[in-house]
Amino acid sequence: MPSIGFIGVGHMGAPMARNLLKAGHPVTIFDPDVENAQAMVNAGAKQAASLVELASASDVVISMLPSGRELRVAYLDNDGVVAHAKAGALLIDCSTTDVDSARAVGDAAKKRSLPFLDSPVSGGVAGAEAGTLTFMTGGEDGAVQAARPILMAMGKNVVHTGSNGSGQAAKICNNLILGISMIGVCEAFVLAEQLGLSPEKLFAVSSTSSGQCWSLTSYCPVPGPVPAAPSNRDYQPGFAAKMMLKDLRLATDAAEKHNKAIELGGLAKQLYERFVQDGSGDLDFSAIIQAIRQR
Ligand code: NAD
């Protein structure tokens with residue numbers, strides 16, 4: 001089994017790395033967070049003292065970092081992954097980042113003939129724990145084929161989206177749809193309350209009509225109709241509002257860079273910005289219904 005070096009073992013990275021251990025891969029981790037690192041050592045991983053140690057010992061390097069900033073540091077610094085990876089090692093970043101950072105790392109890896117994939121995920125912590133993530137994967141075909149069995153140990157679906165950066169583009173565009181659609185669903189439920197229509201009846205109609213969407217049928221923002229939705233557990237995430245804000249910022253920044261107006265995306269970003277500033281960033285993103293109800 002190829003040895004894996006896993007960088008960043010937080011909410012998402014830890015269950016992903018545990019699934020790789022379960023599949024029989026030797027896993028070495030690196031994370032400056034002492035508690036997160038220790039939890040993985042307890043689960044059977046080896047801990048590297050530095051990225052140099054991790055990179056020089058691993059056939060495959062996988063990262064799950066907060067943003068493009070940490071990605072560039074981890075891969076592009078003199079004592080980072082690209083400079084110290086074994087010849088022929090496969091590099092896979094699963095974080096959600098801006099497209100430019102993914103391409104910059106891909107270009108640097110290419111100079112050392114190292115295959116790099118930007119492969120962000122959909123499915124959240126529950127999907128990471130259950131091993132049911134969807135990967136949207138940008139990079140060369142051969143690298144995607146080589147990565148597939150490893151990704152399938154952590155997920156159930158790998159979509160090859162194109163060249164480097166396209167995985168991040170897919171993630172950003174998908175979550176743009178998600179952020180806007182959640183606000184639309186919340187506004188509909190708040191209006192229904194004003195019109196004397198019960199949430200159960202609106203759900204019964206919209207979940208089988210043209211208003212049907214994932215924000216409604218999987219993450220319904222009112223408690224009741226979807227028992228597994230965060231609205232039934234005081235909006236504990238799930239997918240935190242601050243993460244949705246991060247992804248909407250990536251979308252609006254990308255649109256601005258390419259001189260494209262995404263007006264609803266801009267409004268959705270503003271609403272989530274206010275919600276996070278008001279102290280609700282750690283609630284599930286469906287909790288924005290509380291702010292919409294108050295307006
Ligand atoms: P997290 O903050 O729980 O974990 C990030 C980990 O990276 C932490 O343990 C942190 O200590 C570590 N880290 C930070 N800088 C580092 C560095 N330079 N080297 C090594 N480790 C470093 O975040 P998360 O919720 O696991 O999210 C990780 C990524 O996954 C983000 O890009 C996020 O957008 C994406 N994502 C998250 C979710 C979700 O539901 N949480 C869903 C899909 C995608």
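The values are calculated or read from the model by the stated rules, or taken from the named source; none is laboratory data. Since we're looking at a predicted model, the values are computed, not measured. Virtual Cβ from ideal backbone geometry, glycine too; neighbours counted across all protein chains shown. The accessibility values were calculated without ligands, DNA or RNA, using every heavy atom of the protein model including side chains. Shrake-Rupley method; radii C 1.70, N 1.55, O 1.52, S 1.80 Å.
Values as computed for the structure displayed
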{"quantity": "Per residue accessible area in Å² of the chain, where ligands, DNA and RNA are left out and the probe is 1.4 Å", "calculated": "46 Å²"}
{"quantity": "The chain - charge dipole about Cα centre, Lys and Arg +1 at Cβ, Asp and Glu -1, debye rounded to 20", "calculated": "360 debye"}
{"quantity": "Positive-end residue of PRO26, GLY13, LEU117, charge dipole of region 1-157 with Cβ unit charges", "calculated": "PRO26"}
{"quantity": "Region 25-156 - share of DSSP beta bridges that are antiparallel (%, nearest 5)", "calculated": "25 percent"}
{"quantity": "Helix 99-111 vs. the chain, principal-axis angle (Cα, 0 to 90°, nearest 10)", "calculated": "10 degrees"}
{"quantity": "Gain on full stretching of the segment that runs from ARG148 to LEU267 - 0.36 nm per residue minus C-alpha separation", "calculated": "39.1 nm"}
{"quantity": "Two-site label geometry, ASP234 and VAL205: point separation in nm, points 7 Å out along Cα→Cβ", "calculated": "3.4 nm"}
{"quantity": "Protein-only accessible surface order, largest first, of MET136, MET12 at 1.4 Å", "calculated": "MET12, MET136"}
{"quantity": "Cα centroid of region 1-78 to Cα centroid of region 81-127, whole Å", "calculated": "13 Å"}
{"quantity": "Gyration tensor (alpha-carbon) shape descriptor, region 4-162, a/c threshold 1.5", "calculated": "rounded"}
{"quantity": "Relative packing of peptides 62-69, 273-280, 124-131 - highest average C-beta neighbours within 10 Å first", "calculated": "62-69, 124-131, 273-280"}
{"quantity": "Cα lying deepest toward the dipole's positive end in region 115-258, options ALA130, SER209, PRO237, charges on Cβ", "calculated": "ALA130"}
{"quantity": "Cα centroid separation, region 261-278 to region 203-255 (Å)", "calculated": "15 Å"}
{"quantity": "Chain lengthening between GLN290 and VAL41 when straightened (0.36 nm per residue, less Cα-Cα)", "calculated": "85.6 nm"}
{"quantity": "Apportionment of accessible area to carbon and sulfur, the chain, percent (1.4 Å)", "calculated": "54 percent"}
{"quantity": "Ranked by how many other beta carbons lie within 10 Å on average, peptides 191-203, 163-175 from highest", "calculated": "163-175, 191-203"}
{"quantity": "Bridge type composition, the chain - antiparallel percent by DSSP, nearest 5", "calculated": "15 percent"}
{"quantity": "Set of aspartates and glutamates with alpha-carbon distance to LYS257 below 13 Å, sequence-local pairs under 8 removed", "calculated": "ASP98, ASP100"}
{"quantity": "Accessible surface of THR217 - all protein chains present, 1.4 Å probe, nearest 10 Å²", "calculated": "50 Å²"}
{"quantity": "Cross-link pairs LYS171/LYS260; LYS22/LYS86; LYS22/LYS46 - those with Cα-Cα distance over 22 Å", "calculated": "LYS22/LYS86"}
{"quantity": "Förster radius 25 Å - calculated FRET efficiency between GLU256 and GLN194, Cβ distance, rounded to 0.05", "calculated": "0.10"}
{"quantity": "Whole-Hz ³J(HN,Hα) from phi, Karplus 6.51 cos²θ - 1.76 cosθ + 1.60, for region 268-279, glycine and proline x", "calculated": "4, 4, 4, 5, 5, 4, 4, 4, 6, 4, 6, x"}
